[in-house]
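Colleague: What follows is a structure written as structure tokens; I'll ask about it next.
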Amino acid sequence: MQHTTQNSITYFSDSSLNGITVPERFTFPFYYEPHPLTQIAAAELQHYLETQTELDHNFGLTADQQGLVIGKMFGVLVVQDNNGKLGYLAAFSGKLAGTNNHPKFVPPVFDMLIENSFFLKEEEILNSINQQIKAIESDEHYSILKSNFEQFTAQSVLEMTAFKKQLKSNKENRKKHREAQQPVLSEQEYTHFEADLIKQSLSDKWELTVLSNRWKQLLEATQSEITLFENSIEALKKERKEKSAALQQQLFEQYAFLNQDGKEKSLQAIFSETVFGKPPAAAGECATPKLLQYAFLNGYKPIAMAEFWWGASPKSEIRKHRQFYPACTGKCKPILSHMLEGVPMDENPLLKNSGEGTTLTIVYEDDSLVVVNKPAELLSVPGIQIQDSVYTRLQAAFGNIEPLIIHRLDMSTSGLLVVAKTKEAHKHIQRQFLKRTVIKRYTALLSKVISGEEGEIKLPLRGDLDNRPSQLVCFEFGKKAHTRWKVIQRNETTTKVHFWPLTGRTHQLRMHAAHELGLNAPIVGDDLYGTASNRLHLHAAYLEFVHPRTKEILCFEAAEAF
């Protein structure tokens with residue numbers, strides 16, 4: 001279809017809008033299904049990215065392309081201009097091909113790479129300081145001094161140890177001489193003999209002092225010369241830190257974000273009101289804030305937004321080529337809260353109790369515990385906004401007995417949960433979970449046909465601080481996460497598997513399914529790491545543990561409903 005582009009806005013053709021209703025409310029940025037208008041815009045932008053030849057950027061999609069592989073989040077914002085005409089704006093996160101300015105895309109909120117900008121000037125000063133530090137650290141005389149100091153230290157230890165050993169031997173010999181001579185010498189002779197031994201002892205101590213002082217003076221003189229170099233390095237590092245902090249603060253003040261009323265708020269002011277206290281790295285460089293800033297500057301009305309990933313998957317987070325994702329919470333949520341103030345917006349679906357009206361089935365119950373089959377979308381425990389949960393429903397059912405939660409399932413996951421009725425049962429079963437003697441088996445439907453029949457996945461996980469509650473694969477700081485899997489059914493486009501989580505990390509099965517180093521096949525309906533559907537197709541199907549009172553092995557199985 002033929003669209004027209006003016007400045008950074010691309011207008012929709014009339015034919016492309018046939019049958020599409022313009023939304024009355026703006027997209028909720030942190031959980032959404034792309035509107036048809038954003039799907040059209042994203043498809044056109046993706047076609048441009050596939051066919052363009054101007055960008056010297058390696059997205060990791062071409063095997064022989066040179067340069068570091070860097071995938072990117074791209075965003076589209078459907079807007080209405082002053083004449084009521086619909087079009088869309090496009091943006092990318094961070095820099096693209098090393099620059100901020102490209103004809104197809106809106107400019108950044110603040111371009112720190114403009115020629116002669118304060119950022120480049122200050123960066124040049126910082127680079128100069130770095131070069132000075134590097135020059136001192138690689139100075140030949142400095143290197144010789146450090147090497148000499150290490151050698152002198154080692155030599156002094158060896159020589160002092162050997163000399164002290166000799167003095168100890170001398171002392172023992174003197175003691176033997178005393179014991180041998182005292183019975184045979186007269187009192188006057190022994191007095192002279194003892195005086196001579198004392199002189200030997202004093203001579204040994206004096207020689208030890210001389211040797212110790214000689215090494216001490218040599219080491220102190222060498223360290224003194226080294227300290228001159230280190231003081232210069234520390235002074236430069238202090239100057240670099242102060243200039244870097246001042247530059248960062250200046251940048252924070254330059255990033256001033258508009259809302260629909262024309263009210264400006266700096267990055268520093270926005271994040272000073274959050275638990276962070278200050279902006280995280282690269283805040284303000286994401287696609288959606290850039291798009292809204294350009295729209296408000298030009299008097300455009302925001303209609304709908306969407307963001308997608310373009311390029312090879314990163315090694316840590318789950319990002320699939322062409323797939324839509326919500327705006328990040330850590331960097332973007334505080335900024336967008338200001339920018340979208342007063343803009344009518346879709347309801348936050350996360351505040352809706354999707355588990356309302358579902359049935360919590362009791363599979364087994366006695367005086368010690370209860371085993372339930374939790375429906376998908378019901379919380380295990382009350383949330384901040386939603387109270388309805390396994391806990392509150394059992395609390396109502398038990399009357400005077402307090403349900404004691406031992407383990408949890410994600411809200412979107414269905415299946416078997418054991419809940420204690422007594423403190424003794426809670427302690428006993430909890431200990432089984434901690435010792436990993438409880439057997440848990442899940443059934444999942446994966447979004448593609450995978451190879452292999454069974455295996456194990458060991459990918460350490462940690463929380464994504466910039467995008468909670470998402471998780472990251474992190475080999476440096478992540479916690480051990482271990483999953484065993486087995487294929488039980490292959491369909492035309494999906495695979496049903498059994499999962500045995502041998503550890504219990506947050507989103508472990510979802511991450512191990514979706515990550516390219518895992519099965520590289522998100523679970524069907526996974527709205528965080530894959531594509532949303534009617535539900536997350538993950539079910540806790542089997543649970544086995546020892547009864548805390550009878551010591552009987554209890555086994556429960558509940559078939560999945562997919």
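Colleague: Is it true that Ser354 is more than 20 Å from Val109 (Cβ to Cβ) and either assigned by TED's automatic domain parsing to the domain that holds Arg25 or buried (at least 16 other Cβ atoms within 10 Å of the Cβ) (or both)? Don't jump to the end; show me each part of the working.
Modeller: Values: more than 20 Å from Val109 (Cβ to Cβ): yes; either assigned by TED's automatic domain parsing to the domain that holds Arg25 or buried (at least 16 other Cβ atoms within 10 Å of the Cβ) (or both): yes.
Yes, satisfied.
Colleague: Please determine, by comparing only the residues of region 26-57 that are more than 24 Å from the chain's Cα centre (by Cα) and among the aromatic types (Phe, Trp, Tyr), which one is surrounded by the most Cβ atoms within 10 Å (Cβ to Cβ).
Modeller: Once the filter is applied, the top-ranked residue is Phe26.
Colleague: Continuing with this model, one more query. Restricting attention to region 163-203, and to residues there that are assigned to a helix (DSSP H, G or I) and in contact with a Phe, Trp or Tyr (Cβ under 9 Å, 6 or more places away or on another chain), which single residue is farthest from Phe149 (Cα to Cα)? Full working, then the answer.
Modeller: Of the residues in region 163-203, the ones assigned to a helix (DSSP H, G or I) are 163-181, 187-203.
Those still in the list that are in contact with a Phe, Trp or Tyr (Cβ under 9 Å, 6 or more places away or on another chain) too: 177-178, 181.
Numbers: His177: 41, Arg178: 43, Gln181: 47 Å.
Within region 163-203, the match that is farthest from Phe149 (Cα to Cα) is Gln181.
Colleague: Among the residues of region 538-555, are any assigned to a strand (DSSP E or B) and under 25 Å from Gln323 (Cβ atoms)? Even if it seems obvious, please write down each step before you answer.
Modeller: So the first thing to find is which residues in region 538-555 are assigned to a strand (DSSP E or B), and the list is 538-546, 553-555.
This time we only want the ones that are under 25 Å from Gln323 (Cβ atoms), so: 538-539.
Yes.
Colleague: Anything in region 333-351 that is acidic (Asp, Glu) and loosely packed, with under 14 Cβ neighbours inside 10 Å? List them, or say none.
Modeller: Step one: of region 333-351, the residues acidic (Asp, Glu) are 341, 346-347.
Matches in region 333-351: Glu341, Glu347.
Colleague: Gly60 - would you say it is surrounded by 14 or more Cβ atoms within 10 Å (Cβ to Cβ) and part of a loop (DSSP other than H, G, I, E, B)? Give the derivation first.
Modeller: Details: surrounded by 14 or more Cβ atoms within 10 Å (Cβ to Cβ): yes; part of a loop (DSSP other than H, G, I, E, B): yes.
So Gly60 passes the test.
Colleague: If a residue has to be touching a Lys or Arg at 6+ places or on another chain (Cβ under 8 Å) and either assigned by TED's automatic domain parsing to the domain that holds Leu236 or closer than 19 Å to Asn231 by Cβ (or both) to count, how many in region 125-142 make the cut?
Modeller: Filtering region 125-142 down to residues touching a Lys or Arg at 6+ places or on another chain (Cβ under 8 Å) leaves 125-126, 129-130, 133.
Okay, now just the ones that are also either assigned by TED's automatic domain parsing to the domain that holds Leu236 or closer than 19 Å to Asn231 by Cβ (or both), so 129-130, 133.
So the answer is 3.
Colleague: Name the single residue that is nearest to the chain's Cα centre (by Cα) among those in region 276-330 being within 20 Å of Cys474 (Cα to Cα) and among the basic types (Lys, Arg).
Modeller: Lys315
Colleague: So which residues in region 331-361 are over 20 Å from Asn259 (Cβ atoms) and either among the small types (Gly, Ala, Ser) or over 29 Å from the mean Cα position of the chain (by Cα) (or both)?
Modeller: Correct list: Ser354, Gly355, Glu356, Gly357, Thr358, Thr359, Leu360, Thr361.
Colleague: Identify all residues within region 230-258 that are touching a strand residue (DSSP E or B) at 6+ places or on another chain (Cβ under 7 Å) and surrounded by fewer than 14 Cβ atoms within 10 Å (Cβ to Cβ); write none if there are none. Walk me through how you get there before you give the answer.
Modeller: In the first step, residues of region 230-258 are kept if they are touching a strand residue (DSSP E or B) at 6+ places or on another chain (Cβ under 7 Å); the result is 252-253, 255-258.
Once the filter is applied, which keeps residues that are touching a strand residue (DSSP E or B) at 6+ places or on another chain (Cβ under 7 Å) and surrounded by fewer than 14 Cβ atoms within 10 Å (Cβ to Cβ), region 230-258 yields only Glu253.
Colleague: Take Ala295 and tell me if it is among the aliphatic types (A, V, I, L, M), over 22 Å from Asn467 (Cα atoms) and not assigned by TED's automatic domain parsing to the domain that holds Ala90.
Modeller: Working: among the aliphatic types (A, V, I, L, M): yes; over 22 Å from Asn467 (Cα atoms): yes; not assigned by TED's automatic domain parsing to the domain that holds Ala90: no.
When the stated conditions are applied, Ala295 does not pass them.
Colleague: So in region 63-97, with the set limited to residues that are surrounded by 14 or more Cβ atoms within 10 Å (Cβ to Cβ) and of a type in the set (S, T, N, Q), which one is farthest from Ala41 (Cα to Cα)?
Modeller: That would be Ser93.
Colleague: While we're here: Give me the residue from region 363-405 that is among the polar types (S, T, N, Q) and touching an Asp or Glu at 6+ places or on another chain (Cβ under 9 Å) and, out of that set, nearest to Ala559 (Cα to Cα).
Modeller: Just the residues of region 363-405 that are among the polar types (S, T, N, Q), to begin with: 368, 373, 380, 385, 387, 389, 392, 395, 400.
This time we only want the ones that are touching an Asp or Glu at 6+ places or on another chain (Cβ under 9 Å), so: 368, 380, 395.
Values: Ser368: 25, Ser380: 19, Gln395: 26 Å.
Checked region 363-405; the qualifying residue nearest to Ala559 (Cα to Cα) is Ser380.
Colleague: Looking only at residues that are out of contact with any Gly (no Cβ under 8 Å at 6 or more places or on another chain) and small (Gly, Ala, Ser) in region 377-410, which one is modelled with the highest pLDDT?
Modeller: Among them, the one singled out is Ser380.
Colleague: While we're looking at this one, here's another question. List the number of the failed condition for Ile405; all other conditions in (1) in contact with a Phe, Trp or Tyr (Cβ under 7 Å, 6 or more places away or on another chain); (2) touching a residue at least 40 places away in the same chain (Cβ under 8 Å); (3) more than 24 Å from Phe30 (Cα to Cα) hold.
Modeller: With respect to (1) in contact with a Phe, Trp or Tyr (Cβ under 7 Å, 6 or more places away or on another chain); (2) touching a residue at least 40 places away in the same chain (Cβ under 8 Å); (3) more than 24 Å from Phe30 (Cα to Cα), Ile405 is out only on (2).
Colleague: Can you give me the number of residues within region 53-94 that are in contact (Cβ under 8 Å) with a residue 24 or more places away in the chain and under 23 Å from Leu258 (Cβ atoms)?
Modeller: 20
Colleague: Could you please give the count of residues in region 388-409 that are more than 29 Å from the chain's Cα centre (by Cα) and assigned to a loop (DSSP other than H, G, I, E, B)? Give the derivation first.
Modeller: Of the residues in region 388-409, the ones more than 29 Å from the chain's Cα centre (by Cα) are 388, 390-404.
Next, only the ones that are assigned to a loop (DSSP other than H, G, I, E, B) stay: 388, 399-403.
So the answer is 6.
One line per residue, one yes/no per condition, for (1) surrounded by 17 or more Cβ atoms within 10 Å (Cβ to Cβ); (2) charged (D, E, K, R):
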residue	(1), (2)
Leu228	no, no
Gly262	no, no
Val275	no, no
Gly284	yes, no
Gly311	yes, no
Arg322	no, yes
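Colleague: Checking the structure you have, find out if any residue of region 525-539 is aliphatic (A, V, I, L, M), at pLDDT 95 or above and touching a Leu at 6+ places or on another chain (Cβ under 6 Å).
Modeller: no
Colleague: Now for a separate question. Please list, ordered by residue number, the strands (runs of 3 or more DSSP E) wholly in region 418-537 having 3 or more residues that are free of Cβ contacts under 8 Å to residues at least 60 places away in the same chain.
Modeller: On the way: elements: 439-446, 454-458, 461-463, 471-473, 482-490, 495-501.
The qualifying strands (runs of 3 or more DSSP E) are 454-458, 461-463, 482-490, 495-501.
Colleague: Same structure again: When you check Leu465 against the structure, is it in contact with a helix residue (DSSP H, G or I) (Cβ under 9 Å, 6 or more places away or on another chain), surrounded by 19 or more Cβ atoms within 10 Å (Cβ to Cβ) and not assigned by TED's automatic domain parsing to the domain that holds Ala281, yes or no? Reasoning before the result, please.
Modeller: Values: in contact with a helix residue (DSSP H, G or I) (Cβ under 9 Å, 6 or more places away or on another chain): yes; surrounded by 19 or more Cβ atoms within 10 Å (Cβ to Cβ): no; not assigned by TED's automatic domain parsing to the domain that holds Ala281: yes.
No; evaluated as a whole, the condition is false for this residue.
Colleague: Tell me, please, whether a residue that is surrounded by fewer than 17 Cβ atoms within 10 Å (Cβ to Cβ), of a type in the set (S, T, N, Q) and under 26 Å from Gly518 (Cα atoms) can be found in region 427-448.
Modeller: Taking every residue of region 427-448 in turn, at least one turns out to be surrounded by fewer than 17 Cβ atoms within 10 Å (Cβ to Cβ), of a type in the set (S, T, N, Q) and under 26 Å from Gly518 (Cα atoms).
The values are calculated or read from the model by the stated rules, or taken from the named source; none is laboratory data. What you are looking at is a predicted structure, and each value in this text was computed from that prediction instead of being measured. Please note: Cβ atoms are built from the backbone with ideal geometry, for glycine as well, and neighbour counts cover all protein chains shown.
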